[in-house]
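Worksheet: the structure to be examined is printed underneath.
Nothing in this text is a laboratory measurement; each read-out follows from the coordinates by a stated rule. Keep in mind it's a predicted model, so treat the numbers as computed, not measured. Heads up, the Cβs are rebuilt from the backbone with ideal geometry, glycines too, and the neighbour counts pull from every protein chain shown.
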């Protein structure tokens with residue numbers, strides 16, 4: 001056992017440093033305040049990279065009956081753009097609601 005690692009008993013302490021005594025400890029977890037725009041953009045970029053990576057092999061994919069791989073990438077990009085529009089609309093709506101609440105609090 002590594003002397004630098006705490007023992008299981010020493011690791012189970014509450015916020016004040018007292019031993020937890022077998023109780024389960026839960027920390028307060030706040031949700032992330034994300035709007036999804038960055039996540040959707042990354043997804044679109046991944047689909048675009050996949051499409052660009054497959055385009056040089058388009059004739060081979062057609063010959064093998066696997067042209068649907070290209071269309072899957074195109075569909076991922078198109079659906080990503082729809083999702084991006086929705087996420088931007090939602091982000092703008094959340095900002096407007098937040099500003100309206102702050103004005104009401106003044």
What is the extension gain from residue 48 to residue 103, computed as 0.36 nm multiplied by their sequence separation minus the C-alpha to C-alpha distance, in nm to one decimal? 15.6 nm
Taking region 23-88 and dividing mean pair separation by its residue count, relative contact order in percent (alpha carbons under 8 Å, at least six apart): 47
Cα-projected label distance for residue 72 with residue 27, points at 7 Å along beta-carbon direction, nm: 3.9
